[in-house]
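The structure under discussion appears below in the form of structure tokens.
The values are calculated or read from the model by the stated rules, or taken from the named source; none is laboratory data. Everything numeric here is computed off the predicted structure, so don't read it as measured data. Reconstructed Cβ throughout: ideal geometry from the backbone, glycine too, with neighbour counts over all protein chains shown. Accessible surface areas use protein heavy atoms only, side chains included; no ligands, DNA or RNA. Shrake-Rupley method; radii C 1.70, N 1.55, O 1.52, S 1.80 Å.
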Amino acid sequence: MKKSIMMLSAALMLGGVASAQKVAFEEYNLDNGLHVILHNDPSAPTVVTSVMYHVGAKDEQPDRTGFAHFFEHLLFEGTENIKRGEWFKIVTSNGGVNNANTTEDRTYYYEVFPSNNLELGLWMEAERLLHPVINQIGVDTQNEVVKEEKRLRYDNSPYGQLIPQVKKNMFKNHPYRWTTIGSMEHLDAAKLEEFQAFNKKFYIPNNAVLVVAGDFKPEQAKEWIQKYFGVIPKGTPIKRATFEEAPITETIKANFEDPNIQLPMVVTAYRTPSMKTREARVLDMISSILSDGKSSRMYKKIVDDKKMALQIGAFNYSQEDYGTYILYGLPQSPFTAANLLGEIDEEIVKLQTELISEKDLQKLQNQFDNQYVNSNSTIEGIASNLATYHMLYGDVNLINTEIDMYHSITREEIRDVAKKYLNPNQRMVLDYVPVKDKSQN
């Protein structure tokens, strides 16, 4: 009884934190179409300046993949007023840090400075947008950097081809069929003019959102934003193609030999709806039920109890247009990938036919409360979330209300979404194995 009261108290306290931690923000547009979001928090003397561009791997041509990720690197090369190689020196010498990242759907740049350097951060991001220097020496330099990254993360990494192989087999029409890092052959073949044209098309104020978050005076920030960003010309509106995939109606069988592994991996993937949908959030919850932590269903049963796997996992790879629901496992001898797949399928069927308990639902909600609090626990996290909710979801206030959506998901919805999307005839099964020893043939 005492334990139950303590659990209830903890749940209520966490719920209180979640509801109390509302993120206040102000948003407006400049005349050139740049969307601006301000989040004022004077609790620590730091400020984030960040810009998210609505350009990712899905905006590339099939014979020129990897451009968006390449620009993540290229736009640190310098500007008309920031000499080549000086970007990072300016940031660090002023007490700041910076970084960038790219997905299939967007590219994100940010700096974190002491709050007295807000103007510097705004000027630098405006420089990146207005005056980037895109020349052959920068392209050649970053080409080598990206090649090394690809070798490290994909080509020479055990199981590094997992996501590329899933994408390749799950999408036939949509640009999600290639990875964000793209093809080195495409980057090698591209002319300087192609990189310049890509920049002119996508890195424009009306395809971007600027977020300022942290300790600053709003009126002063608005003056500087107008001064540095307001003068940037509006770009030509982007016309985006839409791509549809035919439903998967029978199991896709695929195989891949990885020279960097010794143990096979079982991989299965299902095509799922856009990250914007309620069903995508339900699939997030299903992932938690199946493999979030050592008390999750698949981990407890397959790894702990039956000792059939060294590792097991499920995750919802959410994207703007489609998602991909991926399950994977490393079988432990003498068990095989087929044995593991059978166990995974049993757990999915259980979700499709039996309601989870009220206790398990409460545990799920507590987990998502915790994730919500953690994601908004830093100024950097808040800035990224504000940009993402505006650009990819079209609703900045989801930073405050999405947690309510997770709380409203029912046990019946969990069962019904599992039944709707996670069926054997709707998936790809990838036989991901070590390279065969040809000497034994």
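Brief remarks on what is shown
- Pairwise FRET efficiency - SER295 versus GLU358, Cβ, R0 = 22 Å, nearest 0.05: 0.85
- Cα Rg, Dmax, segment 130-289, angstrom units: 21.2, 60
- Overall shape of segment 216-328 was characterised from the C-alpha gyration tensor. The equivalent ellipsoid obtained from it has semi-axes of 42, 22, 16 Å, in decreasing order.
- Within the chain, the longest run free of exposed loop sites, counting GluC sites (Glu not before Pro) that sit outside DSSP helix and strand states (H, G, I, E, B) and have at most 10 other Cβ atoms within 10 Å, spans 81-243.
- Estimated translational D of segment 209-272 in µm²/s (Stokes, Kirkwood radius over Cα pairs; 25 °C; 0.890 mPa s): 131 µm²/s
- Segment 104-172: translational diffusion in µm²/s, Stokes-Einstein, Kirkwood Rh over Cα pairs, 10 °C, 1.306 mPa s: 101 µm²/s
- Among ALA338, ALA383, ALA314, the largest mean-square fluctuation in a Gaussian network model of the chain (Cα springs under 10 Å) belongs to ALA338.
- Inter-site label distance for LYS227 and ASP140 at 7 Å from Cα along Cβ, in nm: 3.9 nm
- Percentage, to the nearest whole number, of Cα pairs in segment 375-418 over 14 Å apart: 57 percent
- Projected area averaged over orientations for segment 344-441, convex hull of C-alpha atoms, nm²: 11.0 nm²
- Angle of helix 218-229 to the longest C-alpha principal axis of the chain, folded into 0 to 90 degrees and rounded to 10: 80°.
- Normalised Debye scattering of the chain at q = 0.06, 0.10, 0.13, 0.14 Å⁻¹ gives log10 I(q)/I(0) of -0.30, -0.83, -1.28, -1.39, counting only Cα atoms as equal scatterers and leaving out solvent.
- Per residue of the chain, the DSSP helices (runs of n ≥ 4 H) give a summed -39500 (n - 2.57) that works out to -13000 deg cm²/dmol at 222 nm.
- The chain: angle of helix 337-353 to the longest principal axis, Cα-based, in degrees nearest 10: 90 degrees
- Low-density loop cleavage sites - trypsin sites (Lys or Arg not before Pro) in segment 362-441, where at most 12 other Cβ are within 10 Å (DSSP): LYS436
- Helix axis angle, 411-421 relative to the chain longest principal axis, alpha carbon, degrees: 90 degrees
- Extent along the principal axes, Cα only, for segment 22-84: 46, 29, 25 Å, with the longest axis given first.
- With protein chains left intact and a 1.4 Å probe, residues in the chain average 46 Å² of accessible area per residue.
- Alpha carbon centroid spacing (whole Å) that separates segment 160-236 from segment 72-129: 14 Å
- The fraction of accessible area contributed by carbon and sulfur in the chain is 53 percent, rounded to a whole number (1.4 Å probe; ligands and nucleic acids excluded).
- Separation of the alpha carbons by more than 23 angstrom is noted, of LYS89/LYS222; LYS300/LYS350; LYS58/LYS200; LYS307/LYS363; LYS276/LYS350; LYS22/LYS276, for LYS89/LYS222; LYS307/LYS363; LYS276/LYS350.
- Relative contact order of segment 258-369: 29 percent, from C-alpha pairs under 8 Å at least 6 residues apart in sequence.
- DSSP-defined antiparallel bridges as percent of all bridges, the chain, nearest 5: 80 percent
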